[in-house]
Amino acid sequence: MLPLPILDFKDFQDNFVTHFRPWQRSFQFWVRVVDIYTGYKVFQLRVSLVKDVRKQEEMWERQHEFAAEKIYSMCADLGGFFLKVAQIIGKPDLAPAAWVRRLVTLCDQAPSTSFGVVQHVLEKEFGRSVWEMFDTFDEYPLGSASIAQVHRARLKGDKSDIVVKVQHPGVQDLMMTDIHNLQAFALYMQKTDIKFDLYSVTKEMEKQIGYEFDFMREANAMEKIRRFLYENNKKTPVLVPRAVQDMVTRRVLVMEYIDGIPILNLGDEIVKRGINPGGKIAAAAKDRLLRDPSFILLFRSLVALLDYGQVKDLPDALRLGYANLVLAIADNDPQKASESYRELGIGTLSKCENEQQELFRLAQTMFDTKLPTGVTMLQPFAEDSSIKKIGVQSFPEELFSVLRTVHLLRGLSVGLGINYSCAEQWRPIAEEALHQAGRLKAKDIKPRSRRRGLL
């Protein structure tokens, strides 16, 4: 009689948890998001019965504060992808102020993976022990995000510090579960509350986040951009770290260490150096940083770009269509903006008066960083916003990267207290792209803005 196999209870437990966890996360997501959504719908009915405008504003503020606590709890408890969601919606130019105040504290709260697990990942990826590869290796990470964390280290026989970026094990499957849940919610929202093709946006998010789990792709993108900047400029406008040769796998990326100040901490650094944060020198430094990232006027420091996980190559048709839209916004030309929307494949539906002007306002909201005079928050989903008047029925998935870039820049400019137009800033690049494609004559390029060598 053959002996019965020994049951490895820990292996069974690990397999059970691995298969059960996505269902558990889905259940938690839907319970919480339905609670937040129904809370707002019930509140809308209640506030509609109040006629006093000031009273309505006070009620909305309390409702946003109440919802902010629930959104914070959901993102903090579920972590992973929802930390990214918090970063996207927790911007002062987009979300209610109560949301921003609560969600901004989540940005640096991604849990870290223990050093023992990190050591196991490194040794599995490179086939050598950590101490064969490194002279020093900080066990505590410099920082941890939703997909990976970074450690400071030094390679054997090298005196320069490097950074080791290591993926959190098992997080990719959970993120895909979260995104699929969000896609289902986006489909419902675009049919009931928001006239925007949210589903296409979430599909592109799925694709982009998938890219972030391939560090070999990130290293190639980093090198491609570094080489491009150095070859096309007498002095590179930004610093790009080098990947360490033969020290890159799909789950581990080793690159040179660049010391500096996180850009959102610039205000604190200004105060630390004895400069009035509300004075002219500080304002000039912040403004110069956004308009010319090669140089911070105050500190004479270069800007470094460190994360290349979501680098995107746009197809020529979309790239040139967006160049046209940039010129339309910079020239304040509603007719050209409408033509650019059609060229880009952005399908819209509207029954409002002055449709072309509303479409132009929508283009400014989506694709420019500049806020209208006296406005500190765009509130794109308010009743009088263009996104409520112009339904976006179809939106090219690949344009989401552009949309997110503009959104991040707008959040940065609002955070620094600088109101500037990226469309005006990017005009010379758009003109050169169209000129090289034979779609813009040299005589039509404004002399003051024409710059060579950018593309």
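The values are calculated or read from the model by the stated rules, or taken from the named source; none is laboratory data. Predicted, not measured: the structure shown is a model, and the values here were computed from it. In this analysis, Cβ positions are derived from the backbone assuming ideal geometry, glycine residues included, and neighbour counts consider all displayed protein chains. Quick note on the areas: whole protein, heavy atoms, side chains included, nothing else; ligands and nucleic acids left out. Shrake-Rupley method; radii C 1.70, N 1.55, O 1.52, S 1.80 Å.
Residue by residue through region 76-89, what is 3J(HN,Hα) from phi via Karplus (6.51 cos²θ - 1.76 cosθ + 1.60, θ = phi - 60°)? Round to whole Hz and write x for glycine and proline.
These are the phi-based 3J(HN,Hα) values: 5, 6, 7, x, x, 4, 6, 5, 5, 4, 4, 5, 6, 8 Hz.
Say the cut-off is 20 Å between C-alpha atoms; which of Lys84/Lys312; Lys41/Lys195; Lys191/Lys389; Lys41/Lys70 go over it? Could you put the intermediate results ahead of the total?
Details: Lys84/Lys312 18 Å; Lys41/Lys195 17 Å; Lys191/Lys389 15 Å; Lys41/Lys70 15 Å.
Checking Cα-Cα distances, every pair stays at or under 20 Å.
Got a number for the accessible area of Cys352? Probe 1.4 Å, square angstrom, nearest 10.
Accessible surface of Cys352 is approximately 40 Å².
Please list the non-local residues whose amide H lies under 5 Å from the amide H of His168, H modeled 1.01 Å from N, same-chain partners needing a gap of 5 or more.
Residues meeting the criterion, in which the H sits 1.01 Å from N, are Ala148, Gln149.
So, in Å, what gap is there between the alpha-carbon centers of region 42-114 and region 405-435?
Between the Cα centres of region 42-114 and region 405-435 lies a distance of 27 Å.
Please list, in chain and number order, the residues 5+ apart from Phe196 or on another chain whose amide H is under 5 Å from its amide H, with Hs placed from the backbone.
Excluding prolines and chain starts, which carry no amide H, the hits are Val392.
Can you spot the lysines whose alpha carbon is less than 28 Å from Lys156's alpha carbon? Ignore those fewer than 8 places along the same chain.
Partners found: Lys124, Lys165, Lys224.
Kindly write out, for region 117-131 in residue order, the coupling ³J(HN,Hα) from the Karplus curve 6.51 cos²θ - 1.76 cosθ + 1.60 (θ = phi - 60°), rounded to whole Hz, with x marking Gly and Pro.
Using θ = phi - 60°, the values come out as 5, 4, 4, 5, 4, 4, 6, 5, 6, 9, x, 9, 6, 4, 7 Hz.
Between Ile88 and Trp30, what is the label-point separation in nm under the 7 Å Cα-to-beta-carbon projection?
According to this spin-label approximation, the distance is 2.1 nm.
Tabulate in residue order the Karplus-calculated ³J(HN,Hα) for region 411-424, using 6.51 cos²θ - 1.76 cosθ + 1.60 with θ = phi - 60°, rounded to whole Hz; enter x for Gly and Pro.
3J(HN,Hα) across region 411-424, in whole Hz: x, 5, 5, 5, x, 8, x, 10, 9, 9, 9, 5, 5, 5.
Tell me which trypsin sites (Lys or Arg not before Pro) from region 136-186 have a DSSP coil assignment and no more than 13 other beta carbons within 10 Å of their own.
Working: sites: Arg152, Arg154, Lys156, Lys159, Lys165; in loops: Lys156, Lys159.
Those that pass, being in a loop and sparsely packed, are Lys156, Lys159.
Give me, ordered by chain and number, the residues 5 or more places off Thr348 or on other chains with an amide H under 5 Å from its own placed amide H.
For Thr348, whose amide H was placed from the backbone, the distant partners under 5 Å are Gln393.
What residues from region 42-78 fall in the zone where the backbone N is under 16 Å from a label point 7 Å along the Cα-to-C-beta line of Thr192?
Within reach of a label on Thr192, which here means backbone N under 16 Å from a point 7 Å along Cα→Cβ, region 42-78 contributes 42-46.
Taking the Cα centroid of region 186-259 and of region 130-159, what is the distance between the two, rounded to the nearest whole Å?
21
Does region 316-444 come out rounded, prolate or oblate by the C-alpha gyration tensor, with a ≥ b ≥ c the root eigenvalues, rounded set by a/c under 1.5 and, if not, prolate when a/b is larger than b/c and oblate if not? Can you show the working numbers first?
Numbers: a/c = 1.69, a/b = 1.21, b/c = 1.40.
Note, shape of region 316-444 comes out oblate.
Using Cα positions and a limit of under 24 Å, work out the lysines in reach of Lys446, with same-chain residues fewer than 8 apart set aside.
By straight Cα distance, Lys446 reaches Lys234, Lys336, Lys370.
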